[in-house]
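Here's the structure we're looking at; comments come further down.
The values are calculated or read from the model by the stated rules, or taken from the named source; none is laboratory data. Note that the structure is a prediction, hence the values are computed from the model and not measured. Cβ sites come from the backbone with ideal geometry, for glycine too, and all protein chains shown count toward neighbours. Remember, those area values only see protein heavy atoms, side chains included, never the ligands or the DNA or RNA. Shrake-Rupley method; radii C 1.70, N 1.55, O 1.52, S 1.80 Å.
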Amino acid sequence: MTTLYEQTLRRARDDPEDFWAQAAEAISWARRWDRVLDDSNPPFYRWFEGARVNTCYNAVDRHVEAGRGKQPALIYDSPVTGTVAALSYADLREQTARLAGVLRNLGVRRGDRVLVYMPMIPEAAVAMLACARLGAVHSVVFGGFAAKELATRIDDAKPRVVLTASCGIEIARIVEYKPLLDEAIVMSAHKPSATVLLQRPQQAAALGPGDHDWLDAVAAAQPADCVPVEATDPLYILYTSGTTGVPKGVVRDNGGHLVALDWSMRHVYGMAPGEVYWAASDIGWVVGHSYIVYAPLIHGCTTVLYEGKPVGTPNAGAFWRVIADHGVSALFTAPTAFRAIKREDPQGKLIDNFDLSSLRTLFLAGERADPDTVGWAEEKLEVPVIDHWWQTETGWPIAANCVGLGALPVKHGSPTKVVPGYDVRILEHDDDGSSRELPPGETGAIALRLPLPPGCLPTLWKNDDGYVDSYLSEFEGYYQTGDAGYVDQDGYLYIMSRTDDLINVAGHRLSTGGMEEILASHPEVAECAVIGVADSLKGQVPLGLVVLYAGSARSEAEIVPELVQIVRDQLGPVASFKVAAVVDRLPKTRSGKVLRGTMRRIADGVPYTVPATIDDPAILDEIEQTLSQIGYPRQPR
């Protein structure tokens with residue numbers, strides 16, 4: 001007997017146009033499509049060719065028109081300002097229409113770009129929706145991003161207007177945005193014609209020529225109606241994090257994005273309209289675009305927007321409080337967050353202080369979810385813990401345990417199976433340069449057969465050649481994910497590492513992700529990272545860096561030999577795993593990804609720059625010091 005998941009997967013593969021046409025019936029269209037899939041110009045595929053639609057209308061207005069205007073659309077929870085507030089769908093429509101009127105008064109029209117440089121406040125979501133309302137293209141840059149990186153994005157997107165705030169607030173400090181923005185505009189060749197700035201009470205900013213006060217501008221503006229655009233028109237540009245030089249601007253269209261995100265909320269996340277969904281991320285990242293702002297609102301859910309860091313000693317119980325206070329049904333966060341929670345409260349005692357009966361499912365993504373962390377979360381929360389995998393470029397999950405299609409048995413270490421709509425293959429190059437698909441159990445490059453489903457990037461902003469070179473040139477007819485892994489005999493996918501984290505030890509191709517999984521199984525290890533470092537004899541050898549649980553009484557001299565031994569026991573001497581070190585913390589981006597590449601460059605003595613996305617630059621000094629103590633050179637930046 002086939003499962004609903006298997007039936008859905010087969011329908012999506014056998015007749016993708018009919019499958020996505022049926023999914024598109026959930027969206028309100030100003031004009032229906034001429035063709036579901038335009039495949040006349042491969043590899044540039046276009047979904048819902050000829051259709052006209054407005055994303056803001058589907059995310060806001062239609063819910064009000066359906067009589068649900070009083071339902072909370074957005075819950076703003078800000079422990080850093082002591083604020084909790086809710087916006088109904090009617091409130092959100094009013095604020096969005098007014099801000100769209102401001103943009104219209106400043107000359108913004110369909111197709112113009114607007115840069116959004118804001119903290120995690122409701123006005124940031126309003127800014128994105130107001131752009132969509134006019135058919136303008138927004139480009140959100142993570143609030144507090146350095147001026148140089150901000151300038152490169154201004155020059156690439158060429159925004160007519162910038163929407164910003166006077167400051168962002170972190171746990172221990174205020175980050176002034178206006179000086180960073182002013183410096184970026186001075187550095188950039190393109191000059192936006194206007195800036196609209198929201199003054200926050202924590203830190204005001206001086207307005208200069210071309211600057212407009214947000215509240216004054218909104219008060220003077222007339223509400224703007226939704227402007228229908230082509231389904232294939234761009235909705236936003238999102239620059240991949242950590243880029244230098246010319247950034248890669250991932251483009252998202254309007255029609256396919258609407259259809260895919262709405263479908264995913266029901267079938268992947270198991271959500272129904274009216275329920276509360278919390279993606280604990282930032283709007284500067286793709287998770288924030290897809291699952292803080294757009295998907296929950298398109299599907300008619302209530303979304304939580306959290307300002308602050310819900311992990312760490314001062315906020316060890318923040319996740320549980322937010323779930324209990326707001327009746328969250330599904331939580332989506334990074335494995336890193338749960339490793340931090342587990343490190344601070346290994347027994348999970350804080351959970352007992354809160355009523356978490358509303359929580360049905362925990363979703364993890366962003367980094368490899370080690371089995372130990374998943375098992376801990378399952379035991380303490382007593383709900384399904386769903387590891388799933390996707391990328392900035394795809395915009396929604398590639399592999400998941402699709403709750404809305406009937407949950408499949410969980411295998412720790414796997415994001416389960418491919419999501420209907422995608423065709424995942426494990427490939428490698430033969431000696432003659434051709435490619436071949438690997439059998440179950442063999443690790444290779446994870447590739448997606450073209451065409452990609454709706455919602456994925458159709459190209460890069462103003463850079464079709466870069467799109468082909470970056471993603472489509474490795475294997476003909478496939479999108480190269482840059483991740484490595486394998487599929488087991490049951491069809492479960494395993495993401496082991498980035499392809500550049502596959503290390504070659506004396507001719508043996510090994511996954512650092514597999515070694516991390518082994519290290520994480522040690523009872524004293526809270527989190528870890530394995531990097532491949534240069535070796536004159538074997539080419540590369542693995543180096544392990546581990547963080548211990550809070551309160552661990554054992555010494556590094558005791559634990560390191562045990563770590564070396566368990567890797568040798570499970571992988572054998574071929575792994576050449578001989579060196580590990582205990583560190584207080586690992587360097588991470590603000591979205592929680594461990595900076596393995598930077599640590600590898602430090603260990604190899606290669607000059608490096610401090611990534612703009614790093615959470616705390618001072619940690620690199622700590623890592624340099626640790627590596628130098630175990631014999632690796634220190635290299636000036």
### Task
State which residue is surrounded by the most Cβ atoms within 10 Å (Cβ to Cβ) when the search covers only region 204-240 and only residues that are more than 22 Å from residue 283 (Cβ to Cβ) and of a type in the set (S, T, N, Q).
232
### Message
Among the numbered criteria (1) out of contact with any Gly (no Cβ under 7 Å at 6 or more places or on another chain); (2) farther than 25 Å from residue 426 by Cα, which one does residue 337 miss?
### Response
(1)
### Task
Might you let me know whether region 390-402 holds any residue that is more than 30 Å from residue 251 (Cα to Cα) and not in a loop (DSSP other than H, G, I, E, B)?
no
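Scan region 282-303 for residues that are open to solvent by less than 10 Å² (accessible area, probe 1.4 Å) and farther than 19 Å from residue 64 by Cα and jot them down.
Correct list: 283, 284, 288, 289, 290, 291, 292.
Yes/no per residue for (1) more than 27 Å from the chain's Cα centre (by Cα); (2) touching a residue at least 60 places away in the same chain (Cβ under 8 Å); (3) outside any loop (DSSP other than H, G, I, E, B); (4) under 29 Å from residue 319 (Cα atoms):
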residue	(1), (2), (3), (4)
1	yes, no, no, no
8	no, yes, yes, no
13	no, yes, yes, no
24	no, yes, yes, no
43	no, yes, no, no
61	no, yes, yes, no
64	yes, no, yes, no
75	no, yes, yes, yes
102	yes, yes, yes, no
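The rows are residues; the columns are (1) open to solvent by less than 10 Å² (accessible area, probe 1.4 Å); (2) under 18 Å from residue 403 (Cβ atoms); (3) in a strand (DSSP E or B); (4) touching a Phe, Trp or Tyr at 6+ places or on another chain (Cβ under 8 Å).
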| residue | (1), (2), (3), (4) |
| --- | --- |
| 305 | yes, no, yes, yes |
| 308 | no, no, no, no |
| 324 | no, no, no, yes |
| 331 | yes, yes, yes, yes |
| 339 | no, no, no, no |
| 352 | no, no, no, no |
| 367 | no, no, no, no |
### Task
Identify all residues within region 256-281 that are open to solvent by 20 Å² or more (accessible area, probe 1.4 Å) and part of a loop (DSSP other than H, G, I, E, B); write none if there are none.
270, 272, 273, 274, 275, 280, 281
### Message
Tell me whether region 151-158 contains one or more residues that are hydroxyl-bearing (Ser, Thr, Tyr), open to solvent by less than 20 Å² (accessible area, probe 1.4 Å), under 26 Å from residue 248 (Cβ atoms) and in contact with a strand residue (DSSP E or B) (Cβ under 9 Å, 6 or more places away or on another chain).
### Response
no
### Query
Before we move on, is residue 82 farther than 24 Å from residue 170 by Cβ and either open to solvent by 10 Å² or more (accessible area, probe 1.4 Å) or not charged (D, E, K, R) (or both)?
no
### Message
So residue 542 passes all but one of these: (1) without any contact (Cβ under 8 Å) to a residue 60 or more places away in the chain; (2) touching a helix residue (DSSP H, G or I) at 6+ places or on another chain (Cβ under 9 Å); (3) part of a strand (DSSP E or B); (4) open to solvent by 10 Å² or more (accessible area, probe 1.4 Å). Which condition number does it fail?
### Response
(4)
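If only one of 589, 609, 613 is open to solvent by 40 Å² or more (accessible area, probe 1.4 Å), in contact (Cβ under 8 Å) with a residue 24 or more places away in the chain, of a type in the set (S, T, N, Q) and under 30 Å from residue 143 (Cβ atoms), which one is it?
The conditions single out 609.
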### Message
I want to confirm something. Restricting to region 85-94 and keeping residues that are over 28 Å from residue 317 (Cβ atoms) and out of contact with any Asp or Glu (no Cβ under 8 Å at 6 or more places or on another chain), which single residue is most open to solvent (accessible area, probe 1.4 Å)?
### Response
94
### Task
Would you check which residues across region 387-416 are surrounded by fewer than 24 Cβ atoms within 10 Å (Cβ to Cβ) and under 18 Å from residue 272 (Cα atoms) and list them?
403, 404, 405, 406, 407
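Residues checked against (1) open to solvent by 10 Å² or more (accessible area, probe 1.4 Å); (2) of a type in the set (Lys, Arg):
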| residue | (1), (2) |
| --- | --- |
| 2 | yes, no |
| 31 | yes, yes |
| 34 | yes, no |
| 38 | yes, no |
| 51 | no, no |
### Query
Of the residues that sit in region 165-203 and are of a type in the set (Lys, Arg) and open to solvent by 70 Å² or more (accessible area, probe 1.4 Å), which one is farthest from residue 118 (Cα to Cα)?
191
### Task
Keeping to region 616-629, report how many residues are open to solvent by less than 60 Å² (accessible area, probe 1.4 Å) and outside any helix (DSSP H, G or I).
1
### Query
Does residue 111 meet the test of being at pLDDT 95 or above and surrounded by fewer than 23 Cβ atoms within 10 Å (Cβ to Cβ)?
yes
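Please find, within region 434-472, the residue that is nearest to residue 399 (Cα to Cα) out of those that are in a strand (DSSP E or B) and open to solvent by 50 Å² or more (accessible area, probe 1.4 Å).
Selected residue: 449.
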## Note on the structure
Across region 555-593, the tally of residues that are outside any helix (DSSP H, G or I), out of contact with any Asp or Glu (no Cβ under 6 Å at 6 or more places or on another chain) and farther than 30 Å from residue 144 by Cα stands at 8
### Query
Do you know which residues across region 274-304 are hydrophobic (A, V, I, L, M, F, W, C), within 13 Å of residue 332 (Cβ to Cβ) and over 13 Å from the mean Cα position of the chain (by Cα)?
276, 278, 295, 301, 304
